[in-house]
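Take a look at the structure set out below.
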Amino acid sequence: MWLQYRQPPLKYAIQRPQKKICYAEFPFQDRCGPLTDSYAAYPVEPQFDLVFEKSPRIIKDAFCAVDEIRVVKNYHLTGTVAFVRGTTIYFDRQKLFYLLLRKNEEALPPTQYRWTWLSDESRYFEDGSDLEMVLKFTEPNIWGLRYSFASVLIHELGHIIDTNAAFNSRPNLGFFHCEFAHQALNKSDYQSRNALAGYEAIFSDILGVGESSERLRDLDEAGFNSFYGRNNQFEDFAELFAAYIMLEHFGVSYSITKQDEALFDLVTHFQQPALQRKLNIVESIVNYHNLTEAERQAFQADMLACRGDFTPSALPINGK
Ligand SMILES: [Zn+2]
């Protein structure tokens with residue numbers, strides 16, 4: 001699980017991500033302005049460039065496919081941190097600054113990495129104030145990367161990869177479309193096996209208000225990496241992709257504990273049988289550049305046919 005992914009140095013004749021950032025008052029405003037002086041202390045541009053520089057090649061390719069990164073006001077009012085539309089990534093300005101604020105995340109109260117709803121004022125869990133998120137790092141963060149920011153950005157870049165015809169022969173359906181097909185065809189199977197089985201349409205129905213934190217144990221054993229990933233196959237892929245990159249590439253893991261007892265642990269979660277077919281797909285995508293043409297064709301054929309009862313059969317997985 002802790003394989004280090006080292007890629008050979010590559011020459012990229014591309015724009016740095018910071019050149020693609022547009023600061024705008026409104027999402028569809030034509031004109032981009034400079035970052036206002038009052039925010040000058042936030043390392044927006046260096047952090048975008050740092051994620052690019054330190055990421056595996058598939059992420060660099062996704063950055064290349066991005067036309068613009070729009071930092072706009074007031075999306076947080078709808079609960080949105082960031083989203084992708086076409087080849088534009090939108091970030092809510094205030095949420096972005098909030099993510100970037102957290103230097104030295106190893107030493108922070110560990111409630112906020114990725115799942116901001118685990119904070120004390122969580123309205124999702126009745127015992128939210130008893131829950132703690134414990135971050136674990138396999139190596140020191142010598143680059144000064146803001147992990148919370150990186151994980152949100154990599155989630156959005158995951159959407160770009162998921163719907164990119166260069167990697168996915170069914171870009172409009174996403175890599176996990178077989179999961180959705182399986183769910184539609186085996187409804188009873190999906191509904192009975194686990195309370196966290198199939199996809200649902202609305203996040204607020206997936207995780208309500210004042211729930212028991214026991215649901216985190218269900219999540220630990222489920223074929224989903226987060227509650228949010230249950231929205232649909234696209235969010236499912238983006239969530240798992242981001243967690244995979246953060247764990248396997250940046251060495252960032254986490255547990256959620258209640259009185260020192262782990263309810264959810266990312267490393268054991270990644271060993272769950274229900275997650276393996278999705279992880280196989282994610283690993284294949286992350287290693288896509290190392291596959292031979294024949295291996296890519298086998299992968300795409302499996303994807304098209306949802307072969308092997310939705311377990312891709314011909315996946316050449318790095319070392320596994
Ligand atoms: Zn998303």
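Here, each number is a calculation from the coordinates, and none is a lab measurement. Everything numeric in this text was worked out from a predicted model, so none of it was measured. Note that we place each Cβ from the backbone using ideal geometry, even for glycine, and neighbour counts take in every protein chain shown.
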Gain on full stretching of the segment that runs from Ser38 to Arg307 - 0.36 nm per residue minus C-alpha separation
91.4 nm
Length gained, Arg217-Ser169, 0.36 nm per residue minus C-alpha separation, equals 13.8 nm
Integer Hz, Karplus 6.51/-1.76/1.60 couplings in order for the stretch 301-307, x for Gly and Pro
5, 4, 5, 5, 8, 6, 6
Of the DSSP beta bridges with both residues in the stretch 12-305, give the percent that are antiparallel, rounding to the nearest 5.
60 percent
Hey, what do the phi angles of the stretch 267-281 turn into as Karplus ³J(HN,Hα) couplings, whole Hz, using 6.51/-1.76/1.60 and θ = phi - 60°, x for Gly and Pro?
5, 6, 4, 5, 9, 5, x, 5, 9, 5, 5, 6, 5, 4, 5
Would you kindly derive the ³J(HN,Hα) couplings of the stretch 148-161 from the backbone phi angles with the Karplus curve 6.51 cos²θ - 1.76 cosθ + 1.60 (θ = phi - 60°), listing them in order in whole Hz, with x for Gly and Pro?
4, 4, 4, 5, 5, 4, 5, 4, 5, 5, x, 4, 4, 5
Most to least packed among 293-299, 134-140, 220-226, 235-241 [average Cβ atoms within 10 Å]:
235-241, 220-226, 293-299, 134-140
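May I ask you to sort Arg215, Arg146, Arg57 by Cβ crowding, counting other Cβ atoms within 10 Å and putting the fewest first?
Details: Arg215 20, Arg146 23, Arg57 17.
If I rank by nearby Cβ atoms, fewest first, I get Arg57, Arg215, Arg146.
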Roughly speaking, what is the stretch gain from Val267 to Thr78, that is 0.36 nm per residue apart minus the C-alpha to C-alpha distance, in nm to one decimal?
64.9 nm
The simple spin-label model distance between Arg85 and Ala274, using points 7 Å out along Cα→Cβ, in nm, is 3.5 nm
List the pairs from Lys20/Lys60; Lys20/Lys278; Lys73/Lys278; Lys95/Lys278 whose alpha-carbon separation is above 24 Å, in the order I gave them.
Lys20/Lys278; Lys73/Lys278; Lys95/Lys278
Taking alpha-carbon centroids only, the stretch 43-102 lies from the stretch 223-259 a number of Å equal to 18 Å
Proxy reagent accessibility, fewest Cβ within 10 Å first, across Arg307, Arg70:
Arg307, Arg70
Quick one: if you stick a label point 7 Å off each Cα along the C-beta vector at Phe97 and Glu293, how many nm between them?
5.2 nm
